[in-house]
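One structure below.
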Amino acid sequence: MRHDPKVTKGVMSLIACWSLSLACGPKVTPIGPGNIYEPEEDERRIWVSMEAMSAKLQSSGLLYKDKRLEEYANGVLRRIMGEHGNAYVPLKPRVYILDSPIVNAFAMPHGDIYLHTGIVGRMRNEAQLAMLLGHEITHATHRHGYQKTEQAYDASGALAYISVLSAVGGENVFKLTNNLGSAITRAAIEGYGRSREEQADEVGLALMAQAGYLPSEGAVMFKRMETAAAADVKGGVLLYASHPKMKDRVRSCEQLVPRMPSELLEKATDIGQDRYLDVAIALIHDEVERQIVQGKFALAEESLATLERGRPDEARTFALRGELCRVRAKDGDIELAESSYKKAIARNPRASVALRGLGFLMLKNGNETEARKNLESYLAADPNASDADYVRQTLKSLAGE
Ligand SMILES: [Zn+2]
């Protein structure tokens, strides 16, 4: 059955009309308030296969295990999609978080949105998350995936993308891309094409502002992705930033905000930095830990500086400051590492990262007594740590065994 492309007026709010008049993307009827929507036969088939892919992803072990954060992200999505109840039926938008350092996000045609921990860790407040979700859900509501799949990519091109993605992202990315179709993989890598990306930005910006979020944070979000790419000295794992024309998109977001109705701008002031840090801090810590191991010191430094300002009393922030300084070992770093580890341990005597780091630092400084004490405390705090055997061996050789 073909659906009726006529848009029925009524429940559409002022801002929704405004955003649709701005959206210059391809002419398809979007799913949303005011549209009675019935998917096409072949579109329904795509949804069914995407739902199967999504289910596979969810049981693949690749999800980041933090239900509270996932629920929080879904709350933000519900807030920007408004109180229209069933307005977006038959879409069932839902956010999931994938444990992957790639700075990326993608939406599936039936409404599932996947955020990588890499992108969640780069954002700094709820308004930025709202922009990202607004952008992604627009790919679903405006049926960009449907149009994309229609274009029938040849398999060799898609495979080339998958191999590039796998090469830069390691085994997890290989598993991820294996679980995704070629069209969605390609869309996740290079976006849906310029006009659809612009449409997603415009509508996303309107959705977040309508929900009361400060719309200037939209451009800030894209800018942060861009600077993350510049700071990523190893390069290659920041897909979102490599979407075409990222600079143009920052600029268009900046130009769109002053054109918004003033009665809307007056109310759209919510940033939500505290709420974001409250829920995302563990993830940001995890990302910083990963960045230190990967030698991405500039990215780790920037995140730590934010946490030191916003959450100055967290044991794990001190422990990771210690790690960054110990591993980076620039002028003054070693002293700062020691004092940071001690602050972490003062706040949490079982702060395992700090105990291990301080132990190895003391060992390097020739202070065997302190080294032994801290490494023993580390093993007591985390007996099943992946390097526990190595640490036990170190302690034995210290004891002259
Ligand atoms: Zn996009």
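Just to be sure, is residue 319 within 17 Å of the chain's Cα centre (by Cα) and buried (at least 19 other Cβ atoms within 10 Å of the Cβ)?
no
Quick grid of which residues meet (1) among the hydroxyl-bearing types (Ser, Thr, Tyr); (2) farther than 26 Å from residue 117 by Cα; (3) touching a Lys or Arg at 6+ places or on another chain (Cβ under 9 Å):
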| site | (1), (2), (3) |
| --- | --- |
| 306 | yes, no, yes |
| 310 | no, no, yes |
| 315 | no, no, yes |
| 330 | no, yes, no |
| 340 | yes, no, yes |
| 357 | no, no, yes |
| 360 | no, yes, yes |
| 374 | no, yes, yes |
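Residue 109 is checked against (1) over 17 Å from residue 279 (Cα atoms); (2) surrounded by fewer than 24 Cβ atoms within 10 Å (Cβ to Cβ) and fails just one. What number does that condition carry?
Condition not satisfied by residue 109: (2).
Here is a check on your reading of the model: is residue 386 at pLDDT below 95, farther than 16 Å from residue 322 by Cβ, not in a helix (DSSP H, G or I) and not acidic (Asp, Glu)?
yes
Looking only at helices (runs of 4 or more DSSP H) that lie completely in the range 285-375, which have at least 3 residues being outside the structural domain of residue 394 (by TED's automatic domain parsing)?
Output list reads 297-310.
Of all residues in the range 254-280, which are hydroxyl-bearing (Ser, Thr, Tyr) and either part of a helix (DSSP H, G or I) or more than 24 Å from the chain's Cα centre (by Cα) (or both)?
In the first step, residues of the range 254-280 are kept if they are hydroxyl-bearing (Ser, Thr, Tyr); the result is 262, 269, 276.
262, 276 - these are the residues of the range 254-280 that are hydroxyl-bearing (Ser, Thr, Tyr) and either part of a helix (DSSP H, G or I) or more than 24 Å from the chain's Cα centre (by Cα) (or both).
Which of the strands (runs of 3 or more DSSP E) found entirely inside the range 58-148 contain at least 3 residues meeting this: within 16 Å of the ligand (Cβ to nearest atom) and touching a residue at least 40 places away in the same chain (Cβ under 8 Å)?
Once the strands (runs of 3 or more DSSP E) in the range 58-148 are filtered for at least 3 residues that are within 16 Å of the ligand (Cβ to nearest atom) and touching a residue at least 40 places away in the same chain (Cβ under 8 Å), what remains is 112-116.
Only one of 307, 398 is among the aliphatic types (A, V, I, L, M) and in contact with a His (Cβ under 9 Å, 6 or more places away or on another chain); which?
Going through 307, 398 in turn, just one is among the aliphatic types (A, V, I, L, M) and in contact with a His (Cβ under 9 Å, 6 or more places away or on another chain): 307.
Any residue that is buried (at least 20 other Cβ atoms within 10 Å of the Cβ), away from the ligand (no atom under 13 Å from the Cβ), modelled with pLDDT under 90 and under 19 Å from the mean Cα position of the chain (by Cα) - is there at least one of those in the range 195-202?
no
The values are calculated or read from the model by the stated rules, or taken from the named source; none is laboratory data. Nothing here was measured: the structure is a model prediction, and the numbers come from that model. Counting neighbours? That spans all protein chains shown, and the Cβs are built from the backbone with ideal geometry, glycine included.
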